[in-house]
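K.L.:
Would you mind keeping the following structure in view while I ask a few things?
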Amino acid sequence: MSTLSFRNVWVEYGNQVVLERINLEIASGTFLSIVGPSGAGKSTFLRLILGQERPTQGSVLLDGRPFPAEPGPDRGIVFQRYSVFPHLTVLGNVLLGYELASSPLTARLLGTARKAAVEKSLALIEAVGLAEHCDKYPSALSGGMQQRLAIAQALAKQPRVLLLDEPFGALDPGTRAQMHALIKPLWREHKMTIVMVTHDIKEAFGLATRLIALDRPRKDPQAPERFGARITYDLDLTRDSAVPVLGFIRASLQAAQ
Ligand SMILES: Nc1ncnc2c1ncn2[C@@H]1O[C@H](COP(=O)(O)OP(=O)(O)OP(=O)(O)O)[C@@H](O)[C@H]1O
Ligand SMILES: [Mg+2]
């Protein structure tokens, strides 16, 4: 179980309202995509789940309880551009994920525990198609390979919730398609909740089981900071009836750009 609940969440920076009145329940095991114009507050929304950001009002709960004050290994994040450690090899990066998951303070595993973690790391590296590159440093990998490594490292922490902030945005179409083929089975196998921000609505439809759009329904041209973004669409993509709405969302997002 890892139900995420947003209860009347507002985020304000000074007098700028970024998010307002966000109410949402994300069931365990959901693959949720978030779309919305630039500046709508999508990354802010992810940071709320990560625990890096506190709501100005309202609360974000995991299984009905407030998050611990510090971001923990139960939540992992992959950004648009490579968030791996340059001084560690492919194996070192993934192994660190396991070490952080089992001993967050020292990030050290010894003896049989380490051996088991190395084996699990190798299996994960194989799953993301990097088996031949175990001993390479990130600087010797292509962008798509580094992104696959970032995903493997995040998965090694065995997060209950995986946050993806435009994770495939910097990749060419071919590599992007490969990543799509990779992420869905990993999501199923690890039984995680995934929350993915994307600018690509086709990607959102192709991968997710639920899609929300964040946008400002009210605008004050004299004071653009006055109103924040709200959830303007919330679609269950497992139902065929969601498909006709695709065009509406695309049009409304383009109008907002
Ligand atoms: N730490 C901060 N202090 C002040 N303002 C901030 C801070 N973080 C974000 N903002 C503002 O909040 C708004 C939403 O930012 P956010 O990064 O969440 O948007 P986004 O939807 O992820 O945009 P993009 O699609 O361009 O990544 C922006 O106007 C931004 O300037
Ligand atoms: Mg962003």
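The values are calculated or read from the model by the stated rules, or taken from the named source; none is laboratory data. This is a predicted model, so every value here is computed, not measured. Note that each Cβ is placed from the backbone with ideal geometry, even for glycine, and that neighbours are counted across all protein chains shown. Quick note on the areas: whole protein, heavy atoms, side chains included, nothing else; ligands and nucleic acids left out. Shrake-Rupley method; radii C 1.70, N 1.55, O 1.52, S 1.80 Å.
K.L.:
Taking R176 and the conditions (1) modelled with pLDDT of 90 or more; (2) open to solvent by 30 Å² or more (accessible area, probe 1.4 Å), which numbered condition does it fall short on, given that it satisfies the others?
P.N.:
R176 satisfies every listed condition except (1).
K.L.:
I need a count of the residues in region 123-164 that are of a type in the set (D, E, K, R), free of Cβ contacts under 8 Å to residues at least 40 places away in the same chain and under 29 Å from V195 (Cβ atoms).
P.N.:
Residues flagged as of a type in the set (D, E, K, R), free of Cβ contacts under 8 Å to residues at least 40 places away in the same chain and under 29 Å from V195 (Cβ atoms) within region 123-164 amount to 2.
K.L.:
So which pairs qualify, if the first residue must be in region 110-122 and of a type in the set (S, T, Y), the second must be not in a helix (DSSP H, G or I), the Cβ gap must be under 9 Å, and the two must be at least 6 apart or on different chains?
P.N.:
If the second residue must be not in a helix (DSSP H, G or I), the pairs left are S121/C134.
K.L.:
Against the conditions (1) assigned to a strand (DSSP E or B); (2) surrounded by fewer than 21 Cβ atoms within 10 Å (Cβ to Cβ), where does L96 fall short? Just the number, please.
P.N.:
Result: L96 passes all but (1).
K.L.:
Further question: Could you please tell me which pairs satisfy a Cβ distance under 6 Å, a separation of 6+ or placement on different chains, a first residue in region 197-218 that is under 16 Å from G169 (Cβ atoms) and in a helix (DSSP H, G or I), and a second residue that is open to solvent by less than 10 Å² (accessible area, probe 1.4 Å) and among the hydroxyl-bearing types (S, T, Y)?
P.N.:
Hits for this filter: A204/S33; A204/T198.
K.L.:
Being basic (K, R) and more than 19 Å from the chain's Cα centre (by Cα) is true for just one of R239, R160, R210, R148. Which residue is that?
P.N.:
From the options R239, R160, R210, R148, the qualifying one is R239.
K.L.:
Looking at region 24-72, which of the residues that are charged (D, E, K, R) and not in a loop (DSSP other than H, G, I, E, B) is nearest to ligand 1 (Cβ to nearest atom)?
P.N.:
Step by step, filter region 24-72, then rank; the result is K42.
K.L.:
For region 1-23: of the residues being within 15 Å of ligand 1 (Cβ to nearest atom) and open to solvent by 30 Å² or more (accessible area, probe 1.4 Å), which is nearest to I249 (Cα to Cα)?
P.N.:
Ranking the qualifying residues of region 1-23, first place goes to W10.
K.L.:
Confirm whether E225 is within 16 Å of ligand 1 (Cβ to nearest atom), out of contact with any Ser or Thr (no Cβ under 7 Å at 6 or more places or on another chain) and modelled with pLDDT under 90.
P.N.:
Here the answer is yes, as E225 does meet what is asked.
K.L.:
Same structure, new question: Consider region 1-47. How many of its residues are within 16 Å of ligand 2 (Cβ to nearest atom), among the aliphatic types (A, V, I, L, M) and under 24 Å from R188 (Cα atoms)?
P.N.:
Residues meeting the conditions: 4.
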